[in-house]
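For reference, the structure discussed in these notes is given below.
The values are calculated or read from the model by the stated rules, or taken from the named source; none is laboratory data. Note that the structure is a prediction, hence the values are computed from the model and not measured. Neighbour counts are summed over all protein chains in view; Cβ atoms, including those assigned to glycine, are modelled from backbone coordinates with ideal geometry. Note: accessible area is taken over every heavy atom of the protein model, side chains too, but ligands, DNA and RNA are not part of it. Shrake-Rupley method; radii C 1.70, N 1.55, O 1.52, S 1.80 Å.
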Amino acid sequence: MGAQLRVYKRRIQAVTATKKITKAMEMIAASRIVKAQRKVAASMPYATELTRAVTAVATSSSAKHPLTTEAEAPTRAAVLLVTSDRGLAGGYSSNAIKAAERLRERLAAEGKEVDTYIVGRKGVAYYGFRERKVEEFWTGFTDNPAYSDAKRIAAPLIEAIQKETAAGGVDELHIVFTEFVSMMTQNAVDDRMLPLSLDEVAEESTRKGEILPLFEFEPSAEDVLDALLPRYVESRIYNALLQAAASEHAARRRAMKSATDNAGDLIKSLSRLANAARQAEITQEISEIVGGASALADATAGSDK
């Protein structure tokens, strides 16, 4: 019985140590969410105004440009998938991967080939295990992305959209990331970055009561769009990375809180089992003492006769 009690005590010690780790990780993730939220809020005005500027330039000119011109028969699309570098975040990465798989199936049904670009070790591992081709990937910064990371990611995507499809280029750019809604809600979404849908932007501006600004172009609308193209793609990717980072921290905080609560419940259950084993051990010891005393009394009574 003593051996069983020792087993319970060792398990309680192990679970208690695990609970301390998960609690610490929960607190760290909670502290990082606030910083990530601030970065998301700070990036929104620039991305919004840049989109409005691009829309104003495109609607004010008849220039054909990869930023705004739909291909007559698109045959190839690039998909950027944003996952995490680390685990212990619940279904954060798996939900983004599932969204990318649904997008891939939809594009394939439309007759488009898909070139995949990945951010995060989890996505790279998923595609590597299944031996799927990945054009490029980036890792090591998903929990705290910088604008320089967005620029590195945007460079090959911009190059691909500017090429002819016959030369290895693409007709569309899509991004799959986890949108941060609140501390409890994060949604994996797919969004088409290019070509920019002017009708949707104009409709959204009208709904919000906004008026698109008027610009004069120097030297030409085409040159302005050429200059805005990399800025637009970089800002969209940067905003997506920031939202994904905030979502990752929120998902990890929730997962670690659940793990901490489960560890507490397991400790209570093991403590009850340990107490029951200890009680059984004490009962057995008392029975042995009583039995021994009774046997000694009987032996003494026999010798007196």
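Assorted remarks:
- Whole-number percent relative contact order across segment 1-137, with pairs defined as alpha carbons under 8 Å at least 6 apart: 20 percent
- Surface exposure of segment 1-150, expressed per residue as accessible area with a 1.4 Å probe, stands at 55 Å².
- For the set K39/K98; K98/K133; K39/K257; K98/K122; K112/K133; K122/K163, the pairs lying more than 22 angstrom apart at their alpha carbons are K39/K98; K39/K257; K122/K163.
- The mean sequence separation of alpha-carbon pairs under 8 Å and at least six residues apart, normalised by the residue count of the chain, gives a relative contact order of 32 percent.
- Whether the chain is rounded, prolate or oblate, judged on the alpha carbon gyration tensor where a/c under 1.5 counts as rounded: prolate
- Length gained on full extension, E101 to R152: 15.9 nm, using 0.36 nm per residue less the C-alpha separation.
- DSSP finds beta bridges in the chain, and of those with both partners inside it, around 35 percent are antiparallel.
- Per residue of the chain, the DSSP helices (runs of n ≥ 4 H) give a summed -39500 (n - 2.57) that works out to -23500 deg cm²/dmol at 222 nm.
- Carbon plus sulfur fraction of accessible area for the chain, probe 1.4 Å, in percent: 53 percent
- Förster radius 41 Å - calculated FRET efficiency between Q279 and I28, Cβ distance, rounded to 0.05: 0.55
- Averaged over residues, the count of other Cβ atoms within 10 Å places the peptides 154-162, 88-96, 242-250, 41-49 in the sequence 242-250, 88-96, 154-162, 41-49, highest first.
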